Amino acid sequence: MRCHYTYTEEGEKVLIPCCAGTAFNGDIRYCTCHSEIKAYDRFEKDEFNRILSEKDAQIRELKHEVAYYNRQLKKVLEKRLKRKIR
Ligand SMILES: [Zn+2]
């Protein structure tokens with residue numbers, strides 16, 4: 001539930017605070033109900049994307065490393081093969 005107004009039987013407008021922003025200030029303009037949720041969602045998404053791109057970078061690095069070692073292995077095997085032929 002978010003901060004909202006309700007009306008008494010006499011028609012008096014009453015503020016119902018649901019977050020600290022409104023509760024401390026007594027003013028719905030300081031409401032953070034929606035933005036807190038949105039900020040948290042955004043935080044999770046940003047964090048997820050950050051970790052994902054970090055892992056992508058690690059994978060790229062490891063692929064380069066594997067390619068390098070495969071070339072080294074191929075060179076060694078070719079040298080050994082040439083020695084056997086002679
Ligand atoms: Zn609020």
* Please go through region 29-48 and pick out each residue that is within 15 Å of the chain's Cα centre (by Cα) and at pLDDT below 80. => 37, 38, 39, 40, 41, 42, 43
* Within the bounds of region 9-28, is there any residue that is touching a Phe, Trp or Tyr at 6+ places or on another chain (Cβ under 7 Å), hydroxyl-bearing (Ser, Thr, Tyr), within 15 Å of the ligand (Cβ to nearest atom) and at pLDDT 90 or above? -> yes
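The values are calculated or read from the model by the stated rules, or taken from the named source; none is laboratory data. Since we're looking at a predicted model, the values are computed, not measured. Glycine gets a Cβ as well: all are built from the backbone with ideal geometry, and neighbour counts include every protein chain shown.
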